[in-house]
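First up is the structure itself, then whatever we jot down about it.
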Amino acid sequence: MTKNKTRKNNKKIIPFKKKKNVRFSKKVGKKDLFKKKVITVSLGVAIFLAGLGGVEATISYIDEKKQEKIEMQKLAEAKRLEEERRKKEEEEAKKRMVGVNHEAKKYTYDAKIVEQKLKNYDYSNNGEKVVFLTFDDGSSTTVTPQILDILKQYDVRATFFVAGQNIENGGQKAKDLIKQSFEYGNAIANHSYSHDYKYLYPGRSLNLENFINDFKKNEELLKEILGPYFSTRVIRCPGGSMSWKDMDPLYEKLDESNSADINWNALSGDAEGGKKTADELVQRAIKTSEGKEMVVLLMHDTYGKEETAKALPRIIEYFKDNGYTFKTLS
Ligand SMILES: [Zn+2]
């Protein structure tokens with residue numbers, strides 16, 4: 001019994017102890033667990049908070065990057081708009097460069113003023129002598145190259161009233177001459193496409209529709225040769241506007257578009273009557289220019305006008321020696 005009791009006791013004790021131990025350990029465990037929980041929660045909160053801080057930092061970093069990106073996009077957009085504006089302005093400027101290239105603007109003179117002066121027979125120019133060398137009916141592949149060489153030799157510029165049909169007859173070479181002439185700083189002006197009196201002035205009277213179409217056709221050809229921004233507001237009527245009837249509708253149209261119809265007040269006579277020698281052309285040019293402060297000299301650079309090229313150096317020298325400035329019509 002004792003044994004049993006003992007055993008029982010033992011048995012009891014042991015499990016009790018064990019139990020007690022278990023209980024004890026459980027108690028300790030609970031405390032530990034509680035502590036652990038507190039630590040874990042604290043840690044968790046700390047991590048969470050740290051995490052929050054991290055997230056916050058990350059968010060603010062992303063925001064910063066986003067802002068940076070937006071700023072860069074804004075800058076790029078502003079740059080693009082600025083570039084667009086600059087290009088547009090340049091194009092507009094090119095459009096305004098009527099008849100001449102950018103650099104050649106310094107040689108130009110307001111053609112509208114010249115038009116008015118010629119129509120009023122007023123050849124004064126505020127005490128300053130000015131001469132406009134003008135060449136009609138080109139370009140030709142024979143005479144135009146000679147004229148261009150002489151102008152370069154004397155470092156002067158002229159105005160070329162070109163006719164489309166003649167340009168096309170001269171093929172690519174004639175077109176290249178227009179380009180060279182323009183690049184050198186000469187003014188390119190419109191002298192109609194067909195140069196056909198019967199088409200432009202049937203019965204010697206203006207046909208406005210034909211006239212406008214013919215000049216438009218020539219301008220289109222010039223745009224083809226010199227680029228889409230080329231335009232000119234300077235025209236010369238084939239035969240001169242004073243030679244034809246019923247021209248008033250044309251003058252009204254020209255005024256509307258601020259274009260100028262330029263005749264002449266001096267000439268070498270290279271298109272009059274029989275063939276003249278270079279000497280005769282020089283003398284005629286001088287005689288018709290005398291006493292005029294503003295000279296618009298008519299000459300031709302079309303086929304068969306070799307004498308004009310021969311006369312030109314002496315004509316230029318005459319105006320240089322007499323204190324004239326060489327200007328172009330624009
Ligand atoms: Zn002509």
Check your understanding: If we scan the range 294-308, do we find a residue that is more than 16 Å from the ligand (Cβ to nearest atom), surrounded by fewer than 22 Cβ atoms within 10 Å (Cβ to Cβ) and not in a loop (DSSP other than H, G, I, E, B)?
Key -> yes
Check your understanding: Is it true that Leu206 is at negative phi, open to solvent by 10 Å² or more (accessible area, probe 1.4 Å) and either within 15 Å of the ligand (Cβ to nearest atom) or among the aliphatic types (A, V, I, L, M) (or both)?
Key -> yes
Check your understanding: Of all the residues that make up the range 155-173, how many are under 13 Å from Glu224 (Cα atoms) and in contact with a helix residue (DSSP H, G or I) (Cβ under 8 Å, 6 or more places away or on another chain)?
Key -> 3
Review point. Name the pairs: first residue in the range 243-271 and among the polar types (S, T, N, Q), second residue within 16 Å of the ligand (Cβ to nearest atom) and assigned to a loop (DSSP other than H, G, I, E, B), Cβ to Cβ under 6 Å, at least 6 apart or on different chains?
Key: Asn263/Gly240
Review point. When the range 244-272 is examined, which residues are found to be within 16 Å of the ligand (Cβ to nearest atom) and open to solvent by 50 Å² or more (accessible area, probe 1.4 Å)?
Key: Trp264, Ala271, Glu272
Practice item. Please give the number of the condition Ile212 fails out of (1) over 22 Å from Tyr109 (Cα atoms); (2) touching a Gly at 6+ places or on another chain (Cβ under 6 Å); (3) not aromatic (Phe, Trp, Tyr). Key: (2)
Practice item. For the range 217-234, indicate whether the set of residues that are in the same structural domain as Ile262 (by TED's automatic domain parsing), in a helix (DSSP H, G or I), away from the ligand (no atom under 14 Å from the Cβ) and in contact with a Pro (Cβ under 7 Å, 6 or more places away or on another chain) is non-empty. Key: no
Exercise for review: Hey, can you tell me all the residues within the range 142-197 that are of a type in the set (Gly, Ala, Ser) and buried (at least 17 other Cβ atoms within 10 Å of the Cβ)?
Suggested key: Ala158, Ala163, Gly164, Gly170, Ala174, Ser181, Gly185, Ala187, Ala189, Ser192, Ser194
Check your understanding: Within the range 112-126, restricting attention to residues that are part of a loop (DSSP other than H, G, I, E, B) and not aromatic (Phe, Trp, Tyr), which residue is least open to solvent (accessible area, probe 1.4 Å)?
Key -> Asn125
Revision key, fill the gap. Out of (1) surrounded by fewer than 22 Cβ atoms within 10 Å (Cβ to Cβ); (2) under 21 Å from Tyr107 (Cβ atoms), the one Ser139 does not meet is (1)
Review point. Mind checking whether some residue in the range 135-147 is over 30 Å from Lys216 (Cβ atoms) and in the same structural domain as Gly323 (by TED's automatic domain parsing)?
Key: yes
Exercise for review: Examine the range 283-293 for a residue that is assigned to a helix (DSSP H, G or I) and surrounded by 21 or more Cβ atoms within 10 Å (Cβ to Cβ), and state whether such a residue exists.
Suggested key: yes
Check your understanding: Would the range 228-240 turn up any residue that is at pLDDT 95 or above, surrounded by fewer than 21 Cβ atoms within 10 Å (Cβ to Cβ) and of a type in the set (Gly, Ala, Ser)?
Key -> yes
**Study point:** Selection within the range 175-209 - among the aliphatic types (A, V, I, L, M), under 26 Å from Lys106 (Cα atoms) and assigned to a helix (DSSP H, G or I)
**Key:** Leu177, Ile178
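Residues in the range 191-200: is at least one away from the ligand (no atom under 16 Å from the Cβ) and of a type in the set (Lys, Arg)?
No, every residue in the range 191-200 fails to be away from the ligand (no atom under 16 Å from the Cβ) and of a type in the set (Lys, Arg).
The values are calculated or read from the model by the stated rules, or taken from the named source; none is laboratory data. The model shown is predicted, which means the values in this text are computed figures rather than measured ones. Cβ: placed from backbone, ideal geometry, glycine included. Neighbour counts: every protein chain shown. Ligands, DNA and RNA are stripped out before the accessible areas are found, and what is left, the full protein with its side chains, is counted by its heavy atoms. Shrake-Rupley method; radii C 1.70, N 1.55, O 1.52, S 1.80 Å.
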